[in-house]
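> Sharing a structure here in C-alpha coordinates format.
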Amino acid sequence: MDLKLASRQLFLMNRRHKDKFQYTVPSPTSYPYQWFWDSCFHAVVLSHFNITGAKKEILSLVSKQFDNGMFPHMIYWENQNKTDFPPIKWGKKGTSTITQPPMIAHAVWQIFQKDADTNFIKLVYPHLYHFYKYLLTERDPHEKHLIGIMNPDESGEDNSPRFDLPLNLPPIQTLERNTKRRFKLIKQNIECKFDAPFCMRNFFWVKDVPFNSIMVENLRLLSQIAEKIGKVGDASYFTKKADDISEAMRELMLEDGIFWSTYGEDYKKIKVKTWAIFAPLFAKIVKPEEAKKLVDDHLLNKKEFWANFPVPTTSLDELSFNPQGLWRGPTWIGTNWFVYKGLQNYGFQDIAEEIKETSIALIQKSGLREHFNPLTGEGLGAQNFTWGGLVIDMT
Ligand code: GLC
(Lines give C-alpha, C1' and ligand atoms only; values in the text may rest on other atoms or scores of the structure.)
Protein backbone atom coordinates (compact mmCIF):
# COMPACT_ATOMS: atom_id res chain seq x y z
CA MET A 1 0.00 0.00 0.00
CA ASP A 2 1.25 3.50 -0.81
CA LEU A 3 0.59 5.04 2.57
CA LYS A 4 0.70 8.65 1.42
CA LEU A 5 -1.86 7.95 -1.26
CA ALA A 6 -4.02 5.83 1.05
CA SER A 7 -4.06 8.62 3.66
CA ARG A 8 -5.00 11.25 1.09
CA GLN A 9 -7.85 9.06 -0.13
CA LEU A 10 -9.03 8.39 3.41
CA PHE A 11 -8.96 12.09 4.28
CA LEU A 12 -11.03 12.81 1.19
CA MET A 13 -13.52 10.08 2.05
CA ASN A 14 -13.85 11.24 5.68
CA ARG A 15 -14.25 14.93 4.81
CA ARG A 16 -17.61 16.47 5.70
CA HIS A 17 -19.16 19.83 4.73
CA LYS A 18 -21.71 21.72 6.76
CA ASP A 19 -22.73 25.20 5.61
CA LYS A 20 -19.47 27.14 5.25
CA PHE A 21 -17.59 24.67 7.47
CA GLN A 22 -15.49 21.62 6.68
CA TYR A 23 -14.12 18.98 8.99
CA THR A 24 -12.93 15.37 8.98
CA VAL A 25 -14.59 12.50 10.84
CA PRO A 26 -12.12 10.09 12.49
CA SER A 27 -14.04 7.10 11.09
CA PRO A 28 -17.23 7.25 8.98
CA THR A 29 -18.95 4.41 10.81
CA SER A 30 -17.60 4.38 14.37
CA TYR A 31 -16.94 8.12 14.84
CA PRO A 32 -19.24 10.14 12.58
CA TYR A 33 -18.69 13.52 14.31
CA GLN A 34 -15.88 15.99 14.84
CA TRP A 35 -13.47 15.46 17.75
CA PHE A 36 -11.19 18.14 19.12
CA TRP A 37 -7.77 16.52 19.34
CA ASP A 38 -8.51 14.36 16.29
CA SER A 39 -9.09 17.54 14.28
CA CYS A 40 -5.76 18.91 15.49
CA PHE A 41 -4.11 15.69 14.25
CA HIS A 42 -6.07 16.05 11.00
CA ALA A 43 -4.78 19.59 10.52
CA VAL A 44 -1.22 18.34 11.08
CA VAL A 45 -1.68 15.63 8.44
CA LEU A 46 -3.55 17.91 6.01
CA SER A 47 -0.80 20.54 6.29
CA HIS A 48 1.31 18.16 4.18
CA PHE A 49 -1.00 18.08 1.17
CA ASN A 50 -4.04 20.34 1.62
CA ILE A 51 -3.20 23.52 3.50
CA THR A 52 -6.62 25.07 2.85
CA GLY A 53 -8.27 21.95 4.24
CA ALA A 54 -6.02 22.13 7.32
CA LYS A 55 -7.08 25.73 7.97
CA LYS A 56 -10.75 24.88 7.50
CA GLU A 57 -10.43 22.04 10.00
CA ILE A 58 -9.21 24.59 12.58
CA LEU A 59 -11.83 27.19 11.65
CA SER A 60 -14.64 24.69 12.15
CA LEU A 61 -13.29 23.92 15.63
CA VAL A 62 -12.98 27.52 16.75
CA SER A 63 -16.50 28.30 15.52
CA LYS A 64 -17.89 26.23 18.41
CA GLN A 65 -15.77 27.69 21.22
CA PHE A 66 -17.65 28.14 24.48
CA ASP A 67 -18.07 31.60 26.04
CA ASN A 68 -15.65 30.58 28.80
CA GLY A 69 -12.98 29.73 26.20
CA MET A 70 -13.25 25.92 26.27
CA PHE A 71 -13.23 23.93 23.05
CA PRO A 72 -15.65 21.00 23.32
CA HIS A 73 -14.21 17.55 22.66
CA MET A 74 -17.04 16.71 20.24
CA ILE A 75 -19.04 18.72 17.73
CA TYR A 76 -21.98 16.80 16.30
CA TRP A 77 -22.78 19.18 13.39
CA GLU A 78 -25.67 16.89 12.43
CA ASN A 79 -27.25 13.52 13.08
CA GLN A 80 -27.00 14.01 16.83
CA ASN A 81 -30.31 12.28 17.39
CA LYS A 82 -29.99 9.69 14.66
CA THR A 83 -27.70 7.44 16.63
CA ASP A 84 -27.39 6.23 20.16
CA PHE A 85 -23.65 6.94 20.20
CA PRO A 86 -22.95 6.94 23.95
CA PRO A 87 -21.09 10.25 24.38
CA ILE A 88 -24.29 11.92 23.24
CA LYS A 89 -25.20 12.01 26.88
CA TRP A 90 -22.87 14.95 27.42
CA GLY A 91 -25.74 17.16 28.52
CA LYS A 92 -25.79 19.73 25.75
CA LYS A 93 -27.09 20.14 22.23
CA GLY A 94 -24.69 20.42 19.34
CA THR A 95 -21.47 19.77 21.21
CA SER A 96 -20.14 17.87 24.21
CA THR A 97 -19.31 19.69 27.44
CA ILE A 98 -15.78 18.52 28.17
CA THR A 99 -12.53 19.15 26.33
CA GLN A 100 -9.54 17.09 25.09
CA PRO A 101 -5.72 17.49 25.06
CA PRO A 102 -4.84 21.04 23.95
CA MET A 103 -3.14 20.31 20.63
CA ILE A 104 -4.55 23.27 18.69
CA ALA A 105 -1.57 25.65 19.01
CA HIS A 106 0.67 22.91 17.66
CA ALA A 107 -1.64 22.38 14.68
CA VAL A 108 -1.84 26.12 13.95
CA TRP A 109 1.93 26.54 14.26
CA GLN A 110 2.50 23.65 11.89
CA ILE A 111 0.17 25.24 9.31
CA PHE A 112 2.07 28.51 9.70
CA GLN A 113 5.37 26.68 9.10
CA LYS A 114 4.05 25.61 5.72
CA ASP A 115 2.76 28.88 4.27
CA ALA A 116 3.69 31.71 6.69
CA ASP A 117 0.16 33.10 6.39
CA THR A 118 0.11 35.74 9.12
CA ASN A 119 -3.54 36.58 8.41
CA PHE A 120 -4.54 33.06 9.40
CA ILE A 121 -2.75 33.16 12.74
CA LYS A 122 -4.14 36.64 13.40
CA LEU A 123 -7.61 35.26 12.77
CA VAL A 124 -7.36 32.29 15.11
CA TYR A 125 -5.10 33.78 17.80
CA PRO A 126 -7.90 35.31 19.94
CA HIS A 127 -9.58 31.89 20.12
CA LEU A 128 -6.34 30.21 21.12
CA TYR A 129 -5.59 32.88 23.70
CA HIS A 130 -9.02 32.44 25.26
CA PHE A 131 -8.73 28.62 25.33
CA TYR A 132 -5.31 28.38 26.94
CA LYS A 133 -6.25 31.10 29.43
CA TYR A 134 -9.32 29.05 30.35
CA LEU A 135 -7.17 25.97 31.02
CA LEU A 136 -4.65 27.99 33.03
CA THR A 137 -7.29 29.48 35.28
CA GLU A 138 -10.36 27.23 35.48
CA ARG A 139 -8.39 23.98 35.48
CA ASP A 140 -5.92 24.93 38.18
CA PRO A 141 -8.03 26.23 41.05
CA HIS A 142 -5.31 25.51 43.62
CA GLU A 143 -2.77 27.46 41.62
CA LYS A 144 -0.31 24.58 41.70
CA HIS A 145 0.44 25.08 38.00
CA LEU A 146 -0.89 21.71 36.91
CA ILE A 147 -3.90 21.47 34.62
CA GLY A 148 -6.69 19.16 35.80
CA ILE A 149 -9.20 17.06 33.92
CA MET A 150 -12.72 16.37 35.18
CA ASN A 151 -13.34 13.15 33.25
CA PRO A 152 -11.01 10.45 31.83
CA ASP A 153 -12.37 11.18 28.35
CA GLU A 154 -10.71 14.60 28.53
CA SER A 155 -7.35 12.80 28.36
CA GLY A 156 -8.35 11.24 25.02
CA GLU A 157 -7.55 7.83 26.55
CA ASP A 158 -10.98 6.94 27.82
CA ASN A 159 -10.37 3.62 29.65
CA SER A 160 -6.65 3.97 30.38
CA PRO A 161 -5.59 2.16 33.57
CA ARG A 162 -4.18 5.51 34.75
CA PHE A 163 -7.73 6.30 35.80
CA ASP A 164 -8.55 3.05 37.64
CA LEU A 165 -7.54 4.35 41.07
CA PRO A 166 -9.41 7.66 40.83
CA LEU A 167 -12.45 5.78 39.50
CA ASN A 168 -12.07 3.13 42.18
CA LEU A 169 -11.87 0.31 39.62
CA PRO A 170 -9.67 -2.82 39.82
CA PRO A 171 -6.78 -3.32 37.33
CA ILE A 172 -8.54 -6.27 35.69
CA GLN A 173 -11.94 -5.21 34.42
CA THR A 174 -14.28 -5.44 31.47
CA LEU A 175 -14.89 -2.51 29.13
CA GLU A 176 -18.57 -2.69 30.14
CA ARG A 177 -17.67 -2.11 33.77
CA ASN A 178 -15.37 0.77 32.88
CA THR A 179 -18.00 2.36 30.65
CA LYS A 180 -20.66 2.00 33.35
CA ARG A 181 -18.38 3.76 35.84
CA ARG A 182 -17.58 6.55 33.37
CA PHE A 183 -21.28 7.00 32.65
CA LYS A 184 -21.85 7.47 36.37
CA LEU A 185 -19.21 10.18 36.31
CA ILE A 186 -20.89 11.84 33.32
CA LYS A 187 -24.11 11.95 35.36
CA GLN A 188 -22.19 13.64 38.17
CA ASN A 189 -20.62 16.04 35.66
CA ILE A 190 -24.08 16.94 34.45
CA GLU A 191 -25.21 17.49 38.06
CA CYS A 192 -22.28 19.82 38.70
CA LYS A 193 -23.05 21.56 35.40
CA PHE A 194 -19.56 20.86 34.05
CA ASP A 195 -18.27 23.62 36.30
CA ALA A 196 -14.67 22.43 36.16
CA PRO A 197 -13.26 23.45 39.58
CA PHE A 198 -16.41 22.28 41.34
CA CYS A 199 -16.72 19.00 39.42
CA MET A 200 -13.04 18.21 39.85
CA ARG A 201 -13.11 18.89 43.57
CA ASN A 202 -16.11 16.68 44.16
CA PHE A 203 -15.90 13.85 41.70
CA PHE A 204 -12.74 13.36 39.68
CA TRP A 205 -9.52 15.28 39.85
CA VAL A 206 -6.61 14.01 37.83
CA LYS A 207 -3.52 15.91 36.72
CA ASP A 208 -2.56 13.84 33.74
CA VAL A 209 1.00 13.61 32.44
CA PRO A 210 0.26 13.67 28.68
CA PHE A 211 -2.32 16.48 29.03
CA ASN A 212 0.17 18.64 30.94
CA SER A 213 3.07 17.75 28.64
CA ILE A 214 0.97 18.66 25.61
CA MET A 215 0.00 21.89 27.39
CA VAL A 216 3.66 22.84 27.95
CA GLU A 217 4.64 22.19 24.32
CA ASN A 218 1.57 24.03 23.03
CA LEU A 219 2.11 27.05 25.30
CA ARG A 220 5.63 27.36 23.91
CA LEU A 221 4.29 27.34 20.36
CA LEU A 222 1.47 29.71 21.30
CA SER A 223 4.13 32.05 22.59
CA GLN A 224 5.84 31.92 19.17
CA ILE A 225 2.52 32.55 17.42
CA ALA A 226 1.94 35.58 19.69
CA GLU A 227 5.39 36.90 18.91
CA LYS A 228 4.84 36.59 15.16
CA ILE A 229 1.85 38.91 15.36
CA GLY A 230 3.52 41.39 17.65
CA LYS A 231 1.91 40.37 20.96
CA VAL A 232 5.16 40.47 22.85
CA GLY A 233 3.57 40.65 26.31
CA ASP A 234 1.40 37.58 25.61
CA ALA A 235 4.43 35.75 24.26
CA SER A 236 6.40 36.11 27.48
CA TYR A 237 3.30 35.36 29.58
CA PHE A 238 2.76 32.00 27.83
CA THR A 239 6.44 31.09 28.05
CA LYS A 240 6.35 31.79 31.77
CA LYS A 241 3.27 29.58 32.15
CA ALA A 242 4.97 26.75 30.23
CA ASP A 243 7.96 27.03 32.59
CA ASP A 244 5.67 27.01 35.63
CA ILE A 245 3.86 23.85 34.52
CA SER A 246 7.07 22.11 33.63
CA GLU A 247 8.57 22.94 37.05
CA ALA A 248 5.39 21.81 38.82
CA MET A 249 5.49 18.55 36.87
CA ARG A 250 9.02 17.93 38.09
CA GLU A 251 8.07 18.80 41.63
CA LEU A 252 4.77 16.93 41.95
CA MET A 253 4.92 14.12 39.40
CA LEU A 254 8.53 12.96 39.14
CA GLU A 255 9.73 10.02 41.22
CA ASP A 256 12.56 7.59 40.43
CA GLY A 257 12.93 8.97 36.93
CA ILE A 258 9.27 8.61 35.95
CA PHE A 259 6.57 11.28 35.71
CA TRP A 260 3.33 9.89 37.19
CA SER A 261 -0.14 11.35 36.79
CA THR A 262 -1.61 12.40 40.13
CA TYR A 263 -5.08 12.46 41.62
CA GLY A 264 -6.99 14.14 44.37
CA GLU A 265 -6.29 17.33 46.24
CA ASP A 266 -3.17 15.84 47.78
CA TYR A 267 -1.70 14.96 44.38
CA LYS A 268 -1.21 11.22 45.02
CA LYS A 269 0.86 9.59 42.29
CA ILE A 270 -0.83 6.96 40.13
CA LYS A 271 1.97 4.46 39.63
CA VAL A 272 0.74 2.56 36.61
CA LYS A 273 3.16 2.41 33.70
CA THR A 274 1.52 3.52 30.48
CA TRP A 275 2.97 5.20 27.37
CA ALA A 276 2.36 8.43 29.36
CA ILE A 277 5.78 8.06 30.98
CA PHE A 278 7.28 9.04 27.59
CA ALA A 279 4.97 12.03 27.00
CA PRO A 280 7.25 14.53 28.83
CA LEU A 281 9.89 13.89 26.13
CA PHE A 282 7.50 15.55 23.68
CA ALA A 283 7.66 18.78 25.71
CA LYS A 284 11.38 18.57 26.53
CA ILE A 285 10.62 18.45 30.26
CA VAL A 286 13.05 15.59 30.87
CA LYS A 287 16.79 16.09 31.40
CA PRO A 288 19.00 14.32 28.82
CA GLU A 289 20.39 11.81 31.34
CA GLU A 290 16.85 11.06 32.57
CA ALA A 291 15.69 10.61 28.98
CA LYS A 292 18.40 8.04 28.32
CA LYS A 293 17.40 6.04 31.40
CA LEU A 294 13.72 6.24 30.46
CA VAL A 295 14.48 4.89 27.00
CA ASP A 296 16.95 2.18 28.10
CA ASP A 297 15.07 0.94 31.16
CA HIS A 298 11.50 1.20 29.94
CA LEU A 299 10.97 1.87 26.22
CA LEU A 300 13.52 -0.69 25.03
CA ASN A 301 12.64 -3.17 27.77
CA LYS A 302 10.98 -6.25 26.25
CA LYS A 303 9.08 -6.88 29.48
CA GLU A 304 7.58 -3.39 29.41
CA PHE A 305 7.18 -1.38 26.19
CA TRP A 306 9.33 -3.06 23.55
CA ALA A 307 6.59 -5.41 22.35
CA ASN A 308 6.57 -7.00 18.88
CA PHE A 309 4.75 -3.86 17.67
CA PRO A 310 5.71 -0.97 19.96
CA VAL A 311 4.63 1.20 21.70
CA PRO A 312 1.86 -0.54 23.68
CA THR A 313 -0.24 2.03 25.53
CA THR A 314 0.13 0.03 28.75
CA SER A 315 3.32 -1.72 29.89
CA LEU A 316 3.30 -5.49 29.28
CA ASP A 317 4.14 -6.14 32.94
CA GLU A 318 1.16 -4.24 34.34
CA LEU A 319 -1.72 -6.29 35.75
CA SER A 320 -4.05 -4.10 33.72
CA PHE A 321 -2.30 -4.89 30.41
CA ASN A 322 -4.76 -6.24 27.86
CA PRO A 323 -3.54 -6.45 24.23
CA GLN A 324 -7.09 -5.93 22.96
CA GLY A 325 -8.27 -3.54 25.65
CA LEU A 326 -8.52 -0.18 23.82
CA TRP A 327 -6.20 2.06 25.92
CA ARG A 328 -5.12 -0.80 28.18
CA GLY A 329 -2.46 -2.21 25.87
CA PRO A 330 -3.00 -1.73 22.11
CA THR A 331 -0.61 0.38 20.06
CA TRP A 332 -2.12 3.59 18.65
CA ILE A 333 -0.47 5.59 15.87
CA GLY A 334 -1.35 8.85 17.67
CA THR A 335 0.62 7.93 20.79
CA ASN A 336 3.44 6.59 18.61
CA TRP A 337 3.56 10.01 16.96
CA PHE A 338 4.11 11.71 20.35
CA VAL A 339 6.82 9.18 21.27
CA TYR A 340 8.45 9.62 17.85
CA LYS A 341 8.61 13.42 18.27
CA GLY A 342 9.82 13.04 21.87
CA LEU A 343 12.65 10.71 20.88
CA GLN A 344 13.73 13.13 18.16
CA ASN A 345 13.94 15.94 20.74
CA TYR A 346 16.66 13.99 22.54
CA GLY A 347 18.55 12.74 19.49
CA PHE A 348 17.31 9.12 19.62
CA GLN A 349 16.84 9.19 15.85
CA ASP A 350 17.38 5.44 15.30
CA ILE A 351 14.75 4.43 17.84
CA ALA A 352 12.37 7.07 16.46
CA GLU A 353 12.87 5.51 13.01
CA GLU A 354 12.00 2.10 14.43
CA ILE A 355 8.75 3.48 15.85
CA LYS A 356 7.95 4.95 12.47
CA GLU A 357 8.74 1.65 10.72
CA THR A 358 6.52 -0.30 13.14
CA SER A 359 3.69 2.18 12.66
CA ILE A 360 3.95 1.71 8.91
CA ALA A 361 4.22 -2.08 9.28
CA LEU A 362 1.06 -2.14 11.40
CA ILE A 363 -0.92 -0.25 8.76
CA GLN A 364 0.50 -2.37 5.92
CA LYS A 365 -0.45 -5.53 7.80
CA SER A 366 -3.87 -4.58 9.16
CA GLY A 367 -5.05 -1.44 7.39
CA LEU A 368 -6.00 2.01 8.69
CA ARG A 369 -7.50 0.75 11.94
CA GLU A 370 -8.06 2.59 15.19
CA HIS A 371 -5.54 0.61 17.23
CA PHE A 372 -3.53 -2.61 17.04
CA ASN A 373 -2.69 -5.62 19.15
CA PRO A 374 0.96 -4.93 20.19
CA LEU A 375 1.77 -8.65 20.31
CA THR A 376 0.31 -9.78 16.97
CA GLY A 377 -0.24 -6.57 14.98
CA GLU A 378 -3.93 -7.47 14.51
CA GLY A 379 -6.09 -4.41 13.70
CA LEU A 380 -8.72 -3.45 16.27
CA GLY A 381 -11.57 -0.95 16.72
CA ALA A 382 -12.78 1.49 14.08
CA GLN A 383 -12.13 1.02 10.36
CA ASN A 384 -10.92 3.78 8.02
CA PHE A 385 -9.49 5.60 11.01
CA THR A 386 -7.61 8.83 10.30
CA TRP A 387 -4.81 8.72 12.88
CA GLY A 388 -2.75 6.43 10.62
CA GLY A 389 -2.16 9.53 8.48
CA LEU A 390 0.18 10.82 11.21
CA VAL A 391 2.97 8.63 9.83
CA ILE A 392 3.20 11.23 7.05
CA ASP A 393 4.22 13.69 9.74
CA MET A 394 6.89 11.40 11.20
CA THR A 395 9.63 13.28 9.40
C1 GLC B 1 -11.99 7.43 21.10
C2 GLC B 1 -10.58 7.85 21.58
C3 GLC B 1 -10.45 9.37 21.58
C4 GLC B 1 -10.81 9.92 20.22
C5 GLC B 1 -12.19 9.41 19.76
C6 GLC B 1 -12.46 9.77 18.30
O7 GLC B 1 -12.94 7.84 22.04
O8 GLC B 1 -10.34 7.33 22.85
O9 GLC B 1 -9.15 9.75 21.91
O10 GLC B 1 -10.79 11.30 20.24
O11 GLC B 1 -12.25 8.01 19.85
O12 GLC B 1 -11.47 9.27 17.47
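The values are calculated or read from the model by the stated rules, or taken from the named source; none is laboratory data. Predicted model only: the values in this text are computed from it and were never measured. Glycine gets a Cβ as well: all are built from the backbone with ideal geometry, and neighbour counts include every protein chain shown. All accessible areas refer to the heavy atoms of the entire protein, side chains included, with ligands and DNA or RNA removed. Shrake-Rupley method; radii C 1.70, N 1.55, O 1.52, S 1.80 Å.
> Keeping every protein chain in place, order Ile360, Ile149 by accessible area at 1.4 Å, biggest value first, i.e. largest first. If you can, show how the numbers build up before the last one.
Details: Ile360 45, Ile149 0 Å².
Accessible-area ranking of Ile360, Ile149, largest first: Ile360, Ile149.
> Continuing with this model, one more query. For Asn308 and Gln22 in the same chain, what is the full-extension length gain: residue separation times 0.36 nm, less their Cα-Cα distance, in nm? Don't skip to the end; give the middle numbers.
On the way: separation 286, 0.36 × 286 = 102.96 nm, distance 3.81 nm.
Answer, rounded to one decimal: 99.1 nm.
> Just to be sure I understand the model, the point goes 7 Å from the Cα along the line to the Cβ. What's the resulting Ser30 to Lys4 distance in nm?
Output for this residue pair reads 2.8 nm.
> Looking at the range 101-247, I'd like the Rg to Rh ratio, where Rg is from alpha-carbon atoms and Rh is Kirkwood's inverse mean 1/r.
Working: Rg = 17.3 Å, Rh = 16.5 Å.
Ratio of gyration radius to Kirkwood radius: 1.04.
> Right, another one. Please arrange Thr274, Thr395 by accessible surface area, largest first, computed with a 1.4 Å probe and ligands excluded.
Thr395, Thr274
> How many Å² of accessible area per residue for the chain, probe 1.4 Å? Don't skip to the answer; put the middle values down first.
On the way: 15390 Å² over 395 residues.
About 39 Å² of surface per residue is accessible.
> Which FRET efficiency value, to the nearest 0.05, do you get for Asp115 and Gln349 by plugging their Cβ-Cβ distance into 1/(1 + (r/R0)^6) with R0 = 22 Å?
Details: r = 27 Å, r/R0 = 1.24.
Plugging the Cβ-Cβ distance into 1/(1 + (r/R0)^6) gives 0.20.
> Calculate one ³J(HN,Hα) per residue across the range 65-72 by plugging θ = phi - 60° into the Karplus curve 6.51 cos²θ - 1.76 cosθ + 1.60, and present them in order as whole Hz with x for glycine and proline.
Values, residue by residue: 5, 6, 4, 7, x, 5, 9, x Hz.
> Considering only the other residues whose Cβ falls under 11 Å of the Cβ of His17, what net charge follows from Lys and Arg at +1 and Asp and Glu at -1?
Values: positive: Arg15, Arg16, Lys18, Lys20, Lys56; negative: Asp19, Glu78.
That sum, taken over residues with Cβ under 11 Å, equals +3.
> Grab the DSSP H runs of the chain that are 4 residues or longer, score each as -39,500 (n - 2.57), total them, divide by all residues and round the 222 nm result to the nearest 500 deg cm²/dmol.
Details: 14 runs with 178 residues, N = 395.
Calculated mean residue ellipticity at 222 nm is -14000 deg cm²/dmol.
> I need two numbers for the range 176-319: Rg to one decimal and Dmax as a whole number, Cα atoms only, in Å.
17.8, 51
> Which whole-angstrom value gives the distance between the alpha carbon centres of the range 213-274 and the range 100-121?
Going from one Cα centre to the other spans 19 Å.
> Oh, and also: With each pseudo-label sitting 7 Å past Cα toward Cβ, what's the Phe198-Ile172 distance in nm, one decimal?
4.1 nm
> By how many nm would the segment from Asp393 to Asp317 lengthen if fully extended, with 0.36 nm per residue of separation less the alpha-carbon distance? Can you show the working numbers first?
Numbers: separation 76, 0.36 × 76 = 27.36 nm, distance 3.05 nm.
Using 0.36 nm per residue and subtracting the Cα-Cα distance, I get 24.3 nm.
> Round to the nearest 10 and report in Å² the accessible area of Lys240, as given by a 1.4 Å probe over the protein chains' heavy atoms.
Only protein atoms counted, so the area is about 110 Å².
> Determine which residues of the range 359-389 fall in the zone a paramagnetic label at Met13 would reach in this model, i.e. backbone nitrogen under 11 Å from the point 7 Å along Cα→Cβ.
Residues 368-369, 383-386 fall inside that zone.
> Tell me, for the chain, which Cys residues have no other cysteine's C-beta sitting closer than 4.7 Å.
When partners are defined as cysteine Cβ atoms under 4.7 Å apart, the chain leaves Cys40 without one.
> For the range 11-42 and the range 143-209, what is the separation of their C-alpha centers, rounded to whole Å?
26 Å
> Ok, one more. Roughly how much of Asp19 is accessible, in Å² to the nearest 10, using a 1.4 Å probe?
Counting only protein heavy atoms, Asp19 exposes about 140 Å² to solvent.
> Please find the FRET efficiency linking Glu143 to Ser63, where r is the Cβ-Cβ separation and R0 is fixed at 41 Å, and quote it to the nearest 0.05. Walk me through the intermediate numbers first.
Numbers: r = 32 Å, r/R0 = 0.77.
Efficiency computed from Cβ-Cβ geometry: 0.85.
> Compute the whole-percent fraction of alpha carbon pairs in the chain spaced more than 34 Å apart. Please report the intermediate quantities before stating the final value.
Working: 16576 of 77815 pairs.
Taking all Cα-Cα pairs of the chain, the fraction more than 34 Å apart is 21 percent.
> Could you list, in their original order, any pairs among Lys303/Lys365; Lys287/Lys341; Lys341/Lys365; Lys207/Lys268 whose Cα atoms are separated by more than 19 Å? Don't jump to the answer; show the numbers that get you there.
On the way: Lys303/Lys365 24 Å; Lys287/Lys341 16 Å; Lys341/Lys365 23 Å; Lys207/Lys268 10 Å.
As for pairs spanning more than 19 Å Cα to Cα, those are Lys303/Lys365; Lys341/Lys365.
> Extension gain Thr52-Lys122, at 0.36 nm per residue separation less the Cα-Cα distance, in nm? Don't skip to the end; give the middle numbers.
On the way: separation 70, 0.36 × 70 = 25.20 nm, distance 1.58 nm.
That pair, Thr52 and Lys122, stretches by 23.6 nm at full extension.
> Next up: What residues have an amide H closer than 5 Å to that of Ser30, excluding those fewer than 5 places away on the same chain, when H is modeled at 1.01 Å from N in the peptide plane?
Excluding prolines and chain starts, which carry no amide H, the hits are Gln383.
> Among the listed pairs Lys241/Lys269; Lys133/Lys231; Lys133/Lys273; Lys273/Lys293; Lys64/Lys241, which are separated by more than 20 Å between their Cα atoms?
Lys241/Lys269; Lys133/Lys273; Lys64/Lys241
> Let me ask something else. Given a Förster radius of 41 Å and the C-beta distance between Lys240 and Ala361 as r, what FRET efficiency does 1/(1 + (r/R0)^6) yield to the nearest 0.05? Intermediate results must be reported in sequence, preceding the final value.
Numbers: r = 42 Å, r/R0 = 1.03.
Approximately 0.45, to the nearest 0.05.
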